[in-house]
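Below is one structure; the comments refer to it alone.
The values are calculated or read from the model by the stated rules, or taken from the named source; none is laboratory data. Quick caveat: nothing in here was measured; it's all calculated off a predicted structure. For neighbour counting, all protein chains shown are included, and Cβ atoms are generated from backbone atoms with ideal geometry for every residue, glycine included. Remember, those area values only see protein heavy atoms, side chains included, never the ligands or the DNA or RNA. Shrake-Rupley method; radii C 1.70, N 1.55, O 1.52, S 1.80 Å.
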Amino acid sequence: MRSVQGSRKDAPLPRCPAGMDPDAKKIWREVLRRYGAGCEKIAGPALEAFCGQMAMMRKLQKQVDDEGLIVLDSRGAAMRHPAFDMLIDLRKQIQSVSADFDPPKRRGR
C-alpha cells in the first residue's frame, strides 16, 4: 500500500505562478509535496502569498544572522536591526495562515 505522500511523487505538482521569486518557488514545491494528494486544492493566490512571505522571512532572518541584532544608526548609536522588526511582523502573518497549508490529518492514526 502506498502512502498519500508517496502517491504525490508520481503526480505532477501544480505549476508555480509566473514571476515568483526563485526562493518562493522552492517553498511552493516544498509545501505542495508535504501536503500530498489533493494539493491542487491549496495551489492558488493564497499559497503564492504565503510562499513569498516565507521566502522574505528566510532572507530577513539571514540578514539579521549575518549583520547582528544590534546595528548602528546613521549617527553611530546602537539600535535593533530594522530587519528584525519586519521579521517579527512577517512571522505573525505567516503563523496566522500557515495551518491552511498543513497536510490533512491521516485517517486511522
_Run the numbers for ALA99 and SER74: contour at 0.36 nm per residue of separation, minus the present Cα-Cα distance, in nm._
5.0 nm
*asked:* Suppose all protein chains stay in the model; what accessible area per residue would a 1.4 Å probe give for segment 20-66, in Å²?
replied: 53 Å²
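Taking the Cα centre of segment 30-79 as the origin, how large is its charge dipole in debye, to the nearest 20, when only Lys and Arg (+1) and Asp and Glu (-1) carry charge on their Cβ atoms? Intermediate results must be reported in sequence, preceding the final value.
Numbers: 7 positive and 7 negative charges, 31 e Å.
Taking the Cα centre of segment 30-79 as origin, the dipole is about 160 debye.
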*asked:* Let's test this: bin the Cα-Cα distances of the chain at 10 Å from zero up to the farthest pair and state each bin's percent.
replied: 13, 35, 26, 16, 7, 2, 0
*So how strong a dipole does segment 14-109 carry about its Cα centre when Lys and Arg Cβ are +1 and Asp and Glu Cβ are -1, to the nearest 20 debye?*
660 debye
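Taking the highest mean first, how do the peptides 95-105, 17-27, 72-82, 49-59 order by number of other beta carbon atoms within 10 angstrom per residue? It would help to have the intermediate numbers written out before the result.
Values: 95-105: 11.6, 17-27: 14.5, 72-82: 9.4, 49-59: 18.4.
Those peptides, ordered most packed to least, come out 49-59, 17-27, 95-105, 72-82.
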_Label-to-label distance, nm, for residues given as ARG29 and ASP66 (7 Å Cα→Cβ offset)_ = 2.3 nm
*Take the solvent-accessible surface of the protein heavy atoms, probe 1.4 Å, and return the percent of it on the chain that carbon and sulfur atoms account for.*
54 percent
*Whole-Hz Karplus ³J(HN,Hα) for segment 68-76, in order, using 6.51 cos²θ - 1.76 cosθ + 1.60 and θ = phi - 60°, x for Gly and Pro?*
x, 6, 10, 10, 9, 7, 5, 9, x
